[in-house]
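*Asks:* The structure follows.
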Amino acid sequence: MLHSMARLPLHTLPTFRTVARLANLRAAAEELHLTHSAVSQQIRLLEEQIGFALFDRRGRRIVLNAAGAALLRSVEPALEQIDDGLRAAAAAAAVGEHTLRVTVLPSFAQRWWLPRMASWRERHPDIGIELHTSQQLVDLQRDGFHAAVRTGPGPWRGLECERLFEMPLIALGSPNAARRLLGQPARAFADEPLLGDAPTWERWFALAGERIKVRPVAEFNDAGMLLQAAEQDLGIALARAVFAADALREGRLYRLSPIEVNYENAYAYWLCWPPALGDWPPLRALRRWLVDELQRSLSALNAAPALLSPPGTAPAGPTGSRSRAASAPRAKRRA
């Protein structure tokens, strides 16, 4: 038995797995692009080599027996790992050695990544970036992506994930909104047009000790659109400061209150990649650049003069003042 296992015909194992799944030699042959006789021969070779049958023949069907089921449980994880490695290698080779394909949320691309593309080009002029934006969870290996920026509790099965940041939601508004609301109690916000979803705003009011039923004037499934609406003075938004960093610095948006809604780790942002690409130099470069640029963004926010100051007035206090936080009961995962 040990002598037979030492000479196990490894090339027959993918065929064995396919036949076990389809329970039909002809269907397996079609899927594997082999002849019926070639598939039958590989199964026979595998059984002869290990010394016992793996299938019971039932007419045209071929069904795993107990021994075959035990073997499948043992070899399938290894075969899946090999498949993942091959897909990752194909992704790395698909668009050339010096191009990264990255899938991100539209809001992250619009509000943070694109304004910093010049920094990437300066630092890595020989590595191109192909950005794909999607609200959907993308299968990186199947669709040929090298990395993804995802939000959710993470990590995700089958991927290496590095936590980038998590920030609470804060109230943001235009300069006109800042002139009306800065220094006002939370109840004053109830008379303003509010942007976003009602439960989040009601949680924000609850942190201030107010029970207010909220009816937002508009809801968005994208933080970039939400912040653009706030910049255009259409209402008050709850969003993460990192996505408003440039607008805050340039005075297009102001932080209107120290109250924060904290979702703990439910909406953390992660960089994820197939494990086989962990040592690929372009991916390592991307990881370093993202961490450095995010740290620079967060440091600038923390060091900025008060966002709680009305336009044209002296700073009222530090940007990073904090208040009580609330935890979200659940959060949707996105890619």
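*Asks:* Give me the pairs: first residue in the stretch 12-28 and over 20 Å from Pro77 (Cα atoms), second residue open to solvent by less than 40 Å² (accessible area, probe 1.4 Å), beta-carbon distance under 8 Å, and six or more apart or on different chains, which are they?
*Replies:* As it stands, the answer is Asn24/Ile62; Leu25/Val19; Leu25/Val39; Leu25/Ser40; Leu25/Ile43; Leu25/Ile62, since those pairs meet every condition given.
For every residue, the table says whether it meets (1) of a type in the set (A, V, I, L, M); (2) at pLDDT below 90; (3) touching a helix residue (DSSP H, G or I) at 6+ places or on another chain (Cβ under 7 Å).
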| residue | (1), (2), (3) |
| --- | --- |
| His3 | no, yes, no |
| Arg7 | no, yes, yes |
| Leu32 | yes, yes, yes |
| Gln42 | no, no, yes |
| Ile50 | yes, yes, yes |
| Ser74 | no, yes, no |
| Arg87 | no, yes, yes |
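Every residue, every condition in (1) of a type in the set (S, T, N, Q); (2) open to solvent by 70 Å² or more (accessible area, probe 1.4 Å); (3) touching a strand residue (DSSP E or B) at 6+ places or on another chain (Cβ under 7 Å), yes or no:
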{"site": "Ala28", "(1), (2), (3)": "no, no, no"}
{"site": "Thr35", "(1), (2), (3)": "yes, yes, no"}
{"site": "Val39", "(1), (2), (3)": "no, no, no"}
{"site": "Arg44", "(1), (2), (3)": "no, yes, no"}
{"site": "Glu47", "(1), (2), (3)": "no, no, no"}
{"site": "Ala53", "(1), (2), (3)": "no, no, no"}
{"site": "Arg57", "(1), (2), (3)": "no, yes, no"}
{"site": "Ala78", "(1), (2), (3)": "no, no, no"}
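*Asks:* Can you pull out the residues in the stretch 178-192 that are open to solvent by less than 50 Å² (accessible area, probe 1.4 Å) and farther than 20 Å from Val242 by Cα?
*Replies:* Correct list: Leu181, Leu182, Ala186, Ala188, Phe189, Ala190, Glu192.
*Asks:* Within the stretch 252-261, how many residues are assigned to a loop (DSSP other than H, G, I, E, B) and crowded, with 20+ Cβ neighbours inside 10 Å?
*Replies:* So the answer is 1.
*Asks:* Ok, one more. Which residues, taken from the stretch 196-251, are among the β-branched types (Val, Ile, Thr) and open to solvent by less than 60 Å² (accessible area, probe 1.4 Å)?
*Replies:* Scanning the stretch 196-251 gives Thr200, Ile212, Val214, Ile236, Val242.
*Asks:* Examine the stretch 311-319 for a residue that is in contact with a Gly (Cβ under 7 Å, 6 or more places away or on another chain) and either of a type outside the set (A, V, I, L, M) or at pLDDT below 75 (or both), and state whether such a residue exists.
*Replies:* Yes, some residue in the stretch 311-319 is in contact with a Gly (Cβ under 7 Å, 6 or more places away or on another chain) and either of a type outside the set (A, V, I, L, M) or at pLDDT below 75 (or both).
*Asks:* Ok, one more. Among Ala208, Ala247, which is the only one that is under 26 Å from Leu164 (Cα atoms) and either more than 23 Å from the chain's Cα centre (by Cα) or touching a residue at least 60 places away in the same chain (Cβ under 8 Å) (or both)?
*Replies:* From the options Ala208, Ala247, the qualifying one is Ala247.
*Asks:* Of all residues in the stretch 103-142, which are free of Cβ contacts under 8 Å to residues at least 60 places away in the same chain and assigned to a loop (DSSP other than H, G, I, E, B)?
*Replies:* Those that are free of Cβ contacts under 8 Å to residues at least 60 places away in the same chain and assigned to a loop (DSSP other than H, G, I, E, B): Pro125, Asp126, Asp139.
*Asks:* A follow-up question, please. Identify the single condition in (1) under 23 Å from Leu182 (Cβ atoms); (2) open to solvent by less than 10 Å² (accessible area, probe 1.4 Å) that Leu271 does not satisfy, given that it satisfies every other one.
*Replies:* (1)
The values are calculated or read from the model by the stated rules, or taken from the named source; none is laboratory data. Bear in mind the structure is a predicted one, so any value in this text is a computation, not a measurement. Backbone-built Cβ (ideal geometry, glycine too); neighbour counts: all protein chains shown. Calculation scope for accessible area: heavy atoms of the full protein, side chains included, ligands and nucleic acids excluded. Shrake-Rupley method; radii C 1.70, N 1.55, O 1.52, S 1.80 Å.
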